[in-house]
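Q: Before I ask anything, here is the structure I am working with.
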Amino acid sequence: MKSAPTGTHHPPTIQGLSEAFRAGTLSPVAATKACLERIEVLGRSLNCFITVLGDSALKAAEESESRHRTGAPIGPLDGIPIAVKDVFYIAGVRCTAGSKILGENIAGYDATAVRGLKEQGAVIVGTTNMHEFAAGVTSDNPHFGPVRNPWDMERVAGGSSGGSAVAVTTGMAAGAIGTDTAGSVRIPAALCGIIGFKPTYGRVSRIGVVPLAASLDTVGVLAQSAWDIAALLQSITAHDKSDITTVDEPVPNYLESLSAPFPGARIGVVRQYFHEDVDPRVEENFEGFASNLREMGCTVGEANLGPVQEVYDK
């Protein structure tokens, strides 16, 4: 096992940074510089970035700092360092989708999700390494090199949004966006120990995102906490007339919904095909999570799928 040199660093959260900015105990410029320094220190060993946007990030951070000084931040993402999977268009920045073929592909406009981040004052620190064309779950990229798991550099980080997950896990960014077609946000989040959220298909526009499978591709978010996930999702969720797959429905206040009553929910635990060969430490953590749900008033019960063929027959 070869661990990354992460030291005792505690990755920043979006909520923590946002509160510190408002309180004046930390500035967006200082936070951005700290993330860029970590990219410089750990970036090569973990190989999670394809393009680092230091100059534009610092400029955006300075603009955010001015807003905070006048007491007029845009919202919870104002000044927050964010990483973007290298499958999203960022105006004037190359977008490779992890492929040599698109090595010189310079985006002429911002993807809708990226525009949403910018409009909320987010600071984009760079584009992250990934499985080529998002077509895989390891992020072992043949052109830009493999993304390495920060907990054990001899293991994969998961994919295809591996670079985004590693950036958040190690504090190179406080949050990130990725894409999920068949687990590409959730898998690396699980392997790196953070939260990966795939919204309902049609909630987030895919304009300006290099596609893998148009009928399945979904823009997702990665962060350290549910609050952070909600803040990120709030900034990128909207109906987009340019994307006919987005739903024209009101966007709820995700942050407010976090405090909504939860008791009464019924949770089914499927153990077949998932728990048969699971690591005991993973099983222990899972059982702890299920216990927490019960304490919150949820009903947690076993869900038996039966033999695979019987499921298909039904």
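Q: Would you grab the residues whose amide H sits under 5 Å from the one on residue 128? Only those 5+ places off in sequence or on another chain, please, with H modelled 1.01 Å from N.
A: 50, 84, 85, 86
Q: In sequence order, what are the phi-derived ³J(HN,Hα) couplings for region 252-266 according to the Karplus relation 6.51 cos²θ - 1.76 cosθ + 1.60 with θ = phi - 60°, rounded to whole Hz, with x for glycine and proline?
A: Per-residue couplings from phi come out as x, 7, 5, 5, 5, 5, 5, 9, 5, x, 10, x, x, 5, 9 Hz.
Q: Given a Förster distance of 35 Å, report the FRET efficiency between residue 292 and residue 40 from their Cβ-Cβ distance, rounded to the nearest 0.05.
A: After rounding, the FRET efficiency stands at 0.40.
Q: What are the ³J(HN,Hα) couplings of region 233-247, residue after residue, when phi is run through the Karplus curve with 6.51, -1.76, 1.60 and θ = phi - 60°? Round to Hz, x for glycine and proline.
A: Result, rounded to whole Hz: 4, 4, 7, 10, 8, 5, 6, 10, 4, 7, 10, 5, 8, 7, 7.
Q: On to the next question. When you count, for each residue, the other Cβ atoms within 10 Å and take the mean per peptide, how do 234-240, 154-160 rank with the highest first?
A: Most protected by this proxy first, the peptides run 154-160, 234-240.
Q: Rank 125, 251, 221 by mean-square fluctuation in a GNM of the chain with C-alpha springs under 10 angstrom and give only the top-ranked residue.
A: In this elastic network of the chain, the residue with the biggest mean-square fluctuation among 125, 251, 221 is 251.
Q: Restricting to DSSP loop positions (anything but H, G, I, E, B) with no more than 16 other Cβ atoms inside 10 Å of their own Cβ, which trypsin sites (Lys or Arg not before Pro) remain in region 206-286?
A: In loop regions of region 206-286 (DSSP not H, G, I, E or B), the sparsely surrounded trypsin sites (Lys or Arg not before Pro) are 241, 271.
Q: Only sites in a loop by DSSP and with at most 14 other Cβ atoms within 10 Å count here; which chymotrypsin sites (Phe, Trp or Tyr not before Pro) in region 13-121 make the cut?
A: The qualifying sites are 109.
Q: From the helices alone, meaning DSSP H stretches of at least four residues, give me the mean residue ellipticity at 222 nm for the chain, per-run term -39500 (n - 2.57), in deg cm²/dmol to the nearest 500.
A: -10000 deg cm²/dmol
Q: Now for a different question. What are the residues whose amide H is under 5 Å from the amide H of residue 267, where those residues sit 5 or more places off or on another chain and H is modelled from the backbone?
A: Amide H neighbours of residue 267: 299, 300, 301.
Q: Now a separate question. Looking at region 1-95, which trypsin sites (Lys or Arg not before Pro) are DSSP coil and have at most 15 other C-beta atoms within 10 Å of their C-beta?
A: Loop-located and lightly packed - 2.
Q: On to the next question. Mean-square fluctuation check for the chain, GNM, Cα pairs under 10 Å: which of 292, 47, 253 is largest?
A: 292
Q: Just name one of 222, 299, 242: the one whose Cα is farthest towards the positive end of the charge dipole of the chain (beta-carbon charges, Lys/Arg +1, Asp/Glu -1).
A: 242
Q: Go ahead and set up a Gaussian network model of the chain, Cα springs under 10 Å, then flag whichever of 36, 233, 53 fluctuates most.
A: For the chain, modelled as a Gaussian network with Cα springs under 10 Å, the answer is 53.
Q: Scan around residue 123 for amide H atoms under 5 Å from its own, H built in the peptide plane at 1.01 Å from N, and keep only partners 5 or more places away or cross-chain.
A: Under 5 Å from the amide H of residue 123: 79, 80, 82.
Q: Hey, got the dipole for the chain? About the Cα centre, +1 on K and R Cβ, -1 on D and E Cβ, debye to the nearest 20? If you can, show how the numbers build up before the last one.
A: Numbers: 25 positive and 34 negative charges, 107 e Å.
With only Lys, Arg, Asp and Glu charged at Cβ, the dipole is about 520 debye.
Here, each number is a calculation from the coordinates, and none is a lab measurement. Since the model is a prediction, treat every value here as computed from it, not as a measurement. Cβ atoms come from the backbone with ideal geometry, glycine included; neighbour counts cover every protein chain shown.
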